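What follows is a single structure, written as structure tokens, with notes after it.
The values are calculated or read from the model by the stated rules, or taken from the named source; none is laboratory data. What you see is a predicted model; the values in this text were computed from it and never measured. Note that we place each Cβ from the backbone using ideal geometry, even for glycine, and neighbour counts take in every protein chain shown.
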Amino acid sequence: MKSFEAGNILIRLAQTEKDYKEIYRLRYFDLILNYNQDQVNHQEIDKDEYDDVCDHLVAIDKVKNEVIGTYRLIKRSHIKDLGRYLTENEFDISKLNGYEVLEVGRAVVKEEYRDGAAINLLWKGVIRYAIEEGIDFMIGTASFHGIDPYEYKDTLSYLYYHYLSPEDIRCTVRKTTFSKLDLLKEEEINEENAKKKMPPLVKGYLRLNATVGDGAYLDIPFNSLDVLIVLKISDINPRYLKRYLD
């Protein structure tokens, strides 16, 4: 993917050992500990076996020369030895077999850069990458803080009735620790509260025309409640697609 920049922020794929070190530390301090302060490790990094085979998109502050945001990008070709996407630990995505799927995850922006500019540039990079790589569907989990689904009963129910994926591509939560999405009847939903408690990342995906899988996964170690986001590249809202490709 060709790099691009806006203001003092550069977007490109990770290239150097310095990039990777900063990615793993940023994810540890601004993502992992943000959800669960008990998830400490002496290395102070967040890294797993997928990091060695995938691509990493980074946002770099050119003035400070440091990584201030990142997205992990996992293609089907990346997992030929691992056997499955990380998402498959939580959701059954078998209905997407036969398609080119890009798993996006570990999205994080350094706290002082969370005014929207950096994440929008990262999204621009992800969409460009997906199109260049011939991707059919982007998938990834979006997390709510905590593991009590009833705290988000309006939001989860709203997603179920308005944004559930079509049956032919509908992915379903693994029946381990899970919650259904339709915790309320449609007429019982407080729409104002539903939108208020919806994470900004989820709102952003929905604006692109994303849908959600059926069910929410309770990630107890991470202290989050995860919903599966499914975005068909050919269905991306043309208004946003034009913005990301210009």
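Table for the structure above
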{"quantity": "Test result for LYS203, free of Cβ contacts under 8 Å to residues at least 40 places away in the same chain, under 15 Å from the mean Cα position of the chain (by Cα), in a helix (DSSP H, G or I) and more than 15 Å from THR87 (Cα to Cα)", "calculated": "yes"}
{"quantity": "Pairs with Cβ under 6 Å, 6+ apart, first in the stretch 135-155 and touching a residue at least 60 places away in the same chain (Cβ under 8 Å) and closer than 15 Å to LEU206 by Cα, second of a type in the set (A, V, I, L, M, F, W, C) and outside any strand (DSSP E or B)", "calculated": "PHE137/LEU96; MET138/ALA130; ALA142/LEU201; ALA142/VAL202"}
{"quantity": "Per-region count, the stretch 75-98, residues over 15 Å from GLU133 (Cβ atoms) and in contact with a Cys (Cβ under 9 Å, 6 or more places away or on another chain)", "calculated": "7"}
{"quantity": "Meets criteria (modelled with pLDDT of 95 or more, surrounded by fewer than 20 Cβ atoms within 10 Å (Cβ to Cβ), of a type in the set (Phe, Trp, Tyr) and more than 20 Å from VAL101 (Cβ to Cβ)) for TYR161", "calculated": "yes"}
{"quantity": "Subset of the stretch 46-86 [hydrophobic (A, V, I, L, M, F, W, C), over 21 Å from ASN120 (Cα atoms) and over 19 Å from the mean Cα position of the chain (by Cα)]", "calculated": "LEU82"}
{"quantity": "Residue list for the stretch 92-118, filter: closer than 30 Å to LYS64 by Cβ, outside any strand (DSSP E or B) and of a type outside the set (Phe, Trp, Tyr)", "calculated": "LYS110, GLU111, GLU112, ARG114, ASP115, GLY116, ALA117, ALA118"}
